[in-house]
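Read through the structure below, which is laid out as structure tokens, and then see the notes.
The values are calculated or read from the model by the stated rules, or taken from the named source; none is laboratory data. If you're wondering where the values come from, they're calculated on a predicted model, not measured in any experiment. As a convention, Cβ positions derive from the backbone with ideal geometry for all residues, glycine included, and neighbour counts pool all protein chains shown.
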Amino acid sequence: MRIPPGVTPAGFQSALEAFAKVVGKDWVFTSDEDVDLYRDAFSPLVGEPDERFASAAVAPQSTEEVQAIVRIANQYRIPIYPISTGKNLGYGGSAPAYSGSVVVDLKRMNRILEVDEKNASVLVEPGVSYFDLYHHLRERGSKLWIDCPDPGWGSVVGNAIDRGGGYTMASYRNHFDSHCGMEVVLPNGELLRTGMGALPGSKTWQQYKSGCGPWVDGIFSQANYGIVTKMGFWMMPEPEAYLRATIRVPRYKDLIPLVDILNKLENMRIVTGFPDIATPLLGYPPTGQVQVFLEGNAGYPMSDHHKALLAKADQGYSPELEAYGIANDIPYWECWVSFYGPFEVIDAQWQATQRHFKAIDGAKFKVIERMAMPVDLSKIEDYHEPEFGVPSLRAFSIGARSPFNPSPSKGHMWFSPIIPRTGEAIFEANRVFSEAAKELGMPLFSSFSMPCCFWERSFIFILATPVTTDPETNRRYVAGFRKLIEVGARHGWGEYRTAPVFQKAVMDAYSFNDHALHRLHETLKDALDPNGILAAGRYDIWPRHLRKKAR
Amino acid sequence: MNVLHKVFTLLATLIAALGGAQAADAPDGARVFAKWCAPCHAPGITHPGTHALMAKYSGVKGGDITEWTDVPPDYVKTMVRRGISVMPHFRKTEISDRELDALAGYVTRHRVK
């Protein structure tokens, strides 16, 4: 049996016995075989000295049990690390940030406590996955949509508090922003409700986010100041209809006005669905449609001459390539826009959208889909499911073996810097990161890379770094990933989210005024968790007794 | 259409699994499969597990593991607890040992011994 660092075997045994009294002995896991199931399946550190391991796991099924576990952890000074569904793959999975922690596995807390059809909101526990919530709503004939990331087995709560994103309207696809009200077990075991939930008998916990006074919800995301045991979310009412269309523009520099116009239209809620930008001339499909393109072998066809021009292009550009595209009606950029709403509204929004994009000389327009909702589920696989509020695991085709990927990976690490939502930033990020990746020998680019439009006002320039079965290659990629963090920071770009192995490097880059933000994080940690039992090291926030060692 | 029909059958099983009473005393392997495996292993190339196995065993056997005849239950259990490629391992709070037994029995029900 593994023992948490700084804990005596006898103390640990007493804590485990106390945990078992709370949850039952069947829900305390201590054998190596069981505890190994809490390793990060996508860890690039497998078999390395700094791979994160749990010492044990305990699986409560109620808030009261979580409170009892936290109190026991304080009594015996046991480091604990909560996970929701444990499927944060690419960002750390189910492994603790501090090796030797006892994982508090919240998967059994899987109740959907409320569905409010009129308010379009839900209240859920952390073990509820997107699949669970989707099926629950459909079985009950609900007219509410979920907004989910690509992997549908993730936790609705966990994804939100790790600040993940999805693919519907801007007001729902930022999952933390779309939450309304939390219940949190604090590091001393005390129970807190945020927003209107702090008012006993409140009738608006899922209707008004901030309550009165300081709004503290943010400190429970990407942090270690409490265990979230309930969380409310605003849901998207099922739209009457859906329209998807493309705007194709011919020239390299057209990307700049293309993004500017798109931003204005989305910020005005004229374009309401997930926007995406592809580049047919460079052979890059829209980010949200990658699987659909690959499975259908529906990539953009290229002549040999086209391929030769592309191979000679410098970071996706050459005058010859641009001229070839214009002569052969192959657009440099293809913006995918979509609209949710009544037909008369979405038709008008599409008309207005075309009028705005006509400012780009040579812009061409095409309607791809125009259909009534709900979507026909027998045809859902023709689409990127999450854009219709339908969860799936289809995105794993990117790493799995297939005819287009004969050498499957063992996982991936997401490098996820936030860059400005401009065409200029896309060009600069391609230049900076492709040069860095080439220098570091990292296979991150083909000809050009396009960002994701998860956020309303910024792009995620997301790059998947493969995890392999070769330790030496993984070491090189981990070192390269750290360099990319530094390179990004020098250009004013920081990651929005990262795995524990990179959390120190990422947070070090947020260094304004001699790391004032990090010092505040530590001040909060000392105040809220003086014994330092909860999720030590998460996002590089260490309790006082481990700080020197961590640094 | 057979593929589509099978997907719908799995979906119906999944809905039944989620909506029905908890089978505390007798886990149903088909339900466990529908909940935990079908999103990747239902028939068709839109399911990454099936697509991966189609590519891996091209010309030898199909990608639908529920149709395989040549793997023992322990093989299924090992895959679930250890994972392979981008398929992660599954914890016991997700698939209990008893559910895993039922799942392995279901997946290997066509096994030729």
Residue under evaluation A:Phe293, criteria (1) in contact with a Gly (Cβ under 8 Å, 6 or more places away or on another chain); (2) free of Cβ contacts under 8 Å to residues at least 12 places away in the same chain; (3) farther than 18 Å from A:Arg244 by Cα, criterion not met: (3)
Members of the stretch A:395-428 that are under 27 Å from A:Phe339 (Cβ atoms), within 11 Å of another protein chain (Cβ to nearest Cβ) and modelled with pLDDT of 90 or more: none
Given (1) of a type in the set (Gly, Ala, Ser); (2) facing chain B (nearest Cβ under 7 Å); (3) in contact with a helix residue (DSSP H, G or I) (Cβ under 6 Å, 6 or more places away or on another chain); (4) farther than 19 Å from A:Asp147 by Cβ, number of the condition A:Ser392 does not satisfy: (4)
Selection from the stretch A:366-402 of residues that are free of Cβ contacts under 8 Å to residues at least 40 places away in the same chain and more than 28 Å from A:Met236 (Cβ to Cβ): A:Ala400, A:Arg401
Some residue of the stretch A:122-134 being assigned to a helix (DSSP H, G or I) and hydroxyl-bearing (Ser, Thr, Tyr): yes
The stretch B:65-103 - residue that is hydroxyl-bearing (Ser, Thr, Tyr) and away from chain A (no Cβ under 14 Å) and, of those, nearest to the chain's Cα centre (by Cα): B:Thr66
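Across the stretch A:69-97, what is the number of residues that are among the aromatic types (Phe, Trp, Tyr) and surrounded by fewer than 24 Cβ atoms within 10 Å (Cβ to Cβ)? Please lay out each step first, then the result.
Restricting attention to the stretch A:69-97, the residues satisfying the condition of being among the aromatic types (Phe, Trp, Tyr) are A:76, A:81, A:91.
Narrowing the set further to residues that are surrounded by fewer than 24 Cβ atoms within 10 Å (Cβ to Cβ) leaves A:76, A:91.
Total satisfying the criteria: 2.
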Selection status of A:Ala489, assigned to a helix (DSSP H, G or I), over 27 Å from A:Asp260 (Cα atoms), free of Cβ contacts under 8 Å to residues at least 40 places away in the same chain and within 22 Å of the chain's Cα centre (by Cα): no
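Looking only at helices (runs of 4 or more DSSP H) that lie completely in the stretch B:27-113, which have at least 3 residues being of a type outside the set (A, V, I, L, M, F, W, C)?
On the way: elements: B:29-32, B:38-41, B:48-56, B:73-82, B:97-107.
Qualifying helices (runs of 4 or more DSSP H): B:48-56, B:73-82, B:97-107.
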Failed criterion for A:Gln503 (all others in (1) of a type in the set (S, T, N, Q); (2) more than 19 Å from the chain's Cα centre (by Cα); (3) not in a loop (DSSP other than H, G, I, E, B) hold): (2)
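Of all residues in the stretch A:49-73, count the ones that are among the charged types (D, E, K, R) and not in a loop (DSSP other than H, G, I, E, B). Before you say what the answer is, go through the steps one by one.
So the first thing to find is which residues in the stretch A:49-73 are among the charged types (D, E, K, R), and the list is A:50-52, A:64-65, A:71.
When the remaining residues are screened for being not in a loop (DSSP other than H, G, I, E, B), the result is A:64-65, A:71.
Residues meeting the conditions: 3.
So, restricting to helices (runs of 4 or more DSSP H) that lie completely within the stretch A:289-354, which ones have at least 2 residues that are more than 30 Å from B:Ala52 (Cα to Cα)? Step through it out loud before you land on a result.
Values: elements: A:290-295, A:304-312, A:319-327.
Ranges flagged: A:304-312, A:319-327.
Would you mind listing the strands (runs of 3 or more DSSP E) fully within the stretch A:363-481 where at least 3 residues are more than 22 Å from the chain's Cα centre (by Cα) and not charged (D, E, K, R)?
Numbers: elements: A:364-372, A:411-415, A:418-420, A:458-460, A:463-467.
Hits in the stretch A:363-481: A:364-372.
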Residue list for the stretch A:279-318, filter: surrounded by 19 or more Cβ atoms within 10 Å (Cβ to Cβ) and of a type in the set (S, T, N, Q): A:Thr279, A:Thr287, A:Gln291
Where a residue in the stretch B:38-50 is in contact (Cβ under 8 Å) with a residue 12 or more places away in the chain and more than 10 Å from chain A (Cβ to nearest Cβ) and its partner, wherever it lies, is aromatic (Phe, Trp, Tyr) and surrounded by 23 or more Cβ atoms within 10 Å (Cβ to Cβ), with Cβ under 7 Å and at least six apart: none
Test set (1) more than 30 Å from A:Ile426 (Cβ to Cβ); (2) in a loop (DSSP other than H, G, I, E, B); (3) not β-branched (Val, Ile, Thr) - A:Lys230 fails condition number: (2)
Residue match in the stretch A:74-92 (condition: within 14 Å of another protein chain (Cβ to nearest Cβ) and more than 30 Å from A:Ile462 (Cα to Cα)): no
Residues that are crowded, with 21+ Cβ neighbours inside 10 Å, within 13 Å of another protein chain (Cβ to nearest Cβ) and of a type in the set (D, E, K, R), drawn from the stretch A:126-149: A:Asp132
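Name the single residue, out of those in the stretch A:330-344 being surrounded by fewer than 18 Cβ atoms within 10 Å (Cβ to Cβ) and in contact (Cβ under 8 Å) with a residue 60 or more places away in the chain, that is nearest to the chain's Cα centre (by Cα).
Among those residues, the one meeting the criterion is A:Pro342.
Restricting to the stretch A:1-18, count the residues that are in contact (Cβ under 8 Å) with a residue 60 or more places away in the chain and in a helix (DSSP H, G or I). Please lay out each step first, then the result.
Residues of the stretch A:1-18 that are in contact (Cβ under 8 Å) with a residue 60 or more places away in the chain, as a first pass: A:2-7, A:11-12, A:14-15.
Then drop every residue that is not in a helix (DSSP H, G or I), which leaves A:11-12, A:14-15.
So the count comes out to 4.
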Among (1) closer than 20 Å to B:Asp28 by Cβ; (2) surrounded by 18 or more Cβ atoms within 10 Å (Cβ to Cβ); (3) at pLDDT below 95 - the single one B:Val86 does not satisfy: (1)
Hits in the stretch A:179-206 (condition: out of contact with any Ser or Thr (no Cβ under 7 Å at 6 or more places or on another chain) and among the polar types (S, T, N, Q)): A:Asn188, A:Thr194, A:Ser202, A:Thr204
Candidate set from the stretch A:450-462 (those that are surrounded by 22 or more Cβ atoms within 10 Å (Cβ to Cβ) and at pLDDT below 90); member that is farthest from A:Leu258 (Cα to Cα): A:Phe454
Any hit, the stretch A:512-530, residues being surrounded by 16 or more Cβ atoms within 10 Å (Cβ to Cβ), touching a Leu at 6+ places or on another chain (Cβ under 7 Å), assigned to a helix (DSSP H, G or I) and not β-branched (Val, Ile, Thr): yes
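Mind listing whichever residues of the stretch B:54-64 are under 15 Å from B:His110 (Cβ atoms) and within 14 Å of chain A (Cβ to nearest Cβ)?
Taking the stretch B:54-64 as the starting set, the residues that turn out to be under 15 Å from B:His110 (Cβ atoms) are B:61-64.
If the condition is that a residue be under 15 Å from B:His110 (Cβ atoms) and within 14 Å of chain A (Cβ to nearest Cβ), then B:Gly63 is the only one that fits.
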Subset tally (residues that are in a loop (DSSP other than H, G, I, E, B) and in contact with a helix residue (DSSP H, G or I) (Cβ under 6 Å, 6 or more places away or on another chain)) for the stretch A:180-209: 8
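Here is a list: A:Asp147, A:Asp177. Which entry is in a loop (DSSP other than H, G, I, E, B), of a type in the set (Asp, Glu) and in contact (Cβ under 8 Å) with a residue 40 or more places away in the chain? Before you say what the answer is, go through the steps one by one.
Working: A:Asp177 fails: in contact (Cβ under 8 Å) with a residue 40 or more places away in the chain.
The unique qualifying residue is A:Asp147.
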Which numbered condition B:Thr108 misses (of (1) at pLDDT 95 or above; (2) within 26 Å of A:Tyr383 (Cβ to Cβ); (3) among the polar types (S, T, N, Q)): (2)
Residue list for the stretch A:207-240, filter: surrounded by 24 or more Cβ atoms within 10 Å (Cβ to Cβ) and in contact with a Leu (Cβ under 6 Å, 6 or more places away or on another chain): A:Asn224, A:Gly226, A:Gly232, A:Met235
